1. Tell me the relative contact order for the chain as a rounded percent, counting alpha carbon contacts under 8 Å between residues six or more apart.
2. Can you tell me what percent of all Cα-Cα pairs in the chain are more than 33 Å apart?
3. What angle do you read, to the nearest 10 degrees and between 0 and 90, between the alpha-carbon axis of helix 173-189 and the longest principal axis of the chain?
4. What residue among Ala9, His49, Trp21 has its Cα farthest toward the positive end of the dipole of the chain, where the charges are +1 on Lys, Arg and -1 on Asp, Glu, each on the Cβ?
5. Divide, for the range 37-112, the radius of gyration over alpha carbons by 2.2 N^0.38 Å, where N is the residue count.
6. Using the Cα centre of the chain as the reference point, and only Cβ charges (+1 on K/R, -1 on D/E), how large is the resulting charge dipole? Debye, rounded to the nearest 20.
7. Quick one: work out the % antiparallel among DSSP beta bridges in the range 1-135, nearest 5.
8. For the chain, which whole percent of the accessible surface, found with a 1.4 angstrom probe, sits on carbon and sulfur atoms?
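The values are calculated or read from the model by the stated rules, or taken from the named source; none is laboratory data. Just so it is clear, the structure is predicted and the values come from calculations on it, not from any experiment. Because the Cβ atoms are built from the backbone with ideal geometry, glycine has one as well, and the counts that use them run over all protein chains shown. Each accessible area value is taken on the protein alone, full model and side chains, heavy atoms only, with ligands, DNA and RNA left out. Shrake-Rupley method; radii C 1.70, N 1.55, O 1.52, S 1.80 Å.
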Amino acid sequence: HMGAADAVARRYGVPVLAHPWTARALVGKVKVDQEIADGATLDLGVAPHGAAWRLEAIHTPGHAPGHLCFYESTYRLLFVGDMASTMSSVVITPPEGDITEYLESLQRLRTLPARLLLPAHGSVSSRPQAVLDECVNHRRKREEQLVQALTAGPRRVTDLAQELYRGAPAAVMPYAEKQVLAGLLKLRREERAIEAEEGQDPLWRLRPSAPSATTPR
């Protein structure tokens, strides 16, 4: 979501801030005026109730390595960007996207005493913890489906996507394949699945001793 960053910065006379990873990725594309890391605070001036208020940056990799969320403690507002949506599930696209990191980031956000959750996609929610829990539960369900599909024997990403996302529009299938691959990479990291052969679309299979499912960390 950086396509209009330069235009917005020029029109409103504001600087472009980004996490160091994102700043490196945007070299030659968007001029980043300042890097902002985990725990940094942004002064918002005077709040409606008359006191100073600020945003705290929270580094939440998973959807993207340099993804940042922001928490405002006075009104307990949690700006989650692309970490959660009240419209649909979040796309995890390897290699930048990582389901293990995504789940860990969700758990970190879950600990904040937020009153409102403000996503980049979808409406504001007054159920922050419930929305975050739904994101975790969705990933748990998808992982269980993936493991179950692999119990029949070695499968390719394309075949797994066709089975797990049966009935989805053709335009959605490239994203479905990326979700399947992200899930397989998580299972491989946990030594629960391996690539049975090499190539652009290799066969994947469960390790013989792999459990049927696990609770995401």
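1. Working: 361 pairs, mean separation 30.4, N = 217.
Contact order relative to length: 14 percent.
2. 25
3. It is inclined by approximately 80 degrees.
4. Value: His49.
5. On the way: Rg = 13.7 Å, N = 76, 2.2 N^0.38 = 11.4 Å.
So the Cα radius of gyration is 1.20 times the expected 2.2 N^0.38 Å.
6. For the chain, the charge dipole is close to 360 debye.
7. Around 65 percent antiparallel, to the nearest 5.
8. Working: 6260 of 11950 Å².
Summing carbon and sulfur atoms, their accessible area is 52 percent of the total for the chain.
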